[in-house]
Amino acid sequence: MAKKVFRDYAEVNEKLLEGFTVAEVLTGINAEDSGMMMELERQIDNVTIGVDVIYDPNHEDGEPTFTVSEEYVKNIC
């Protein structure tokens, strides 16, 4: 599995998300069952590139509520 590096959404260049479509939505991803993760993907030639977006309304103090991963390779066909 590819290493995923997340950043606070405020630090992300919005151009990064252009061309991606929602592949899957997962809810209840945190201990309180209130978080959500969206898996985004796009196809470039024979490679599927992914970006994960996580929303955690019950985040720890000092942690961001909304984070976005850097692009990673999900699949090579």
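The values are calculated or read from the model by the stated rules, or taken from the named source; none is laboratory data. If you're wondering where the values come from, they're calculated on a predicted model, not measured in any experiment. Cβ placement follows ideal geometry from the backbone for every residue including glycine, while neighbour counts extend to all protein chains displayed. These area figures cover heavy atoms from the full protein model, side chains too; ligands, DNA and RNA do not enter into them. Shrake-Rupley method; radii C 1.70, N 1.55, O 1.52, S 1.80 Å.
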Just to be sure before I move on: is residue 44 out of contact with any helix residue (DSSP H, G or I) (no Cβ under 7 Å at 6 or more places or on another chain) and more than 16 Å from residue 68 (Cβ to Cβ) in the structure I sent?
yes
Breaking point among (1) under 10 Å from the mean Cα position of the chain (by Cα); (2) surrounded by fewer than 18 Cβ atoms within 10 Å (Cβ to Cβ), for residue 48:
(1)
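In this structure, is residue 39 open to solvent by less than 40 Å² (accessible area, probe 1.4 Å), at pLDDT 95 or above and assigned to a strand (DSSP E or B)?
Values: open to solvent by less than 40 Å² (accessible area, probe 1.4 Å): yes; at pLDDT 95 or above: yes; assigned to a strand (DSSP E or B): yes.
In short, yes.
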Residues being under 12 Å from the mean Cα position of the chain (by Cα) and loosely packed, with under 15 Cβ neighbours inside 10 Å: count how many of those fall in region 24-36.
3
Looking at (1) open to solvent by less than 80 Å² (accessible area, probe 1.4 Å); (2) within 13 Å of the chain's Cα centre (by Cα), which is the only condition residue 9 fails?
(1)
Are there any pairs with C-beta distances below 6 angstrom linking a residue in region 54-70 that is part of a strand (DSSP E or B) and modelled with pLDDT of 85 or more to a residue that is open to solvent by 60 Å² or more (accessible area, probe 1.4 Å) and hydrophobic (A, V, I, L, M, F, W, C), with the two at least 6 apart or on different chains, and if so which?
55/36; 55/66; 67/6; 69/6
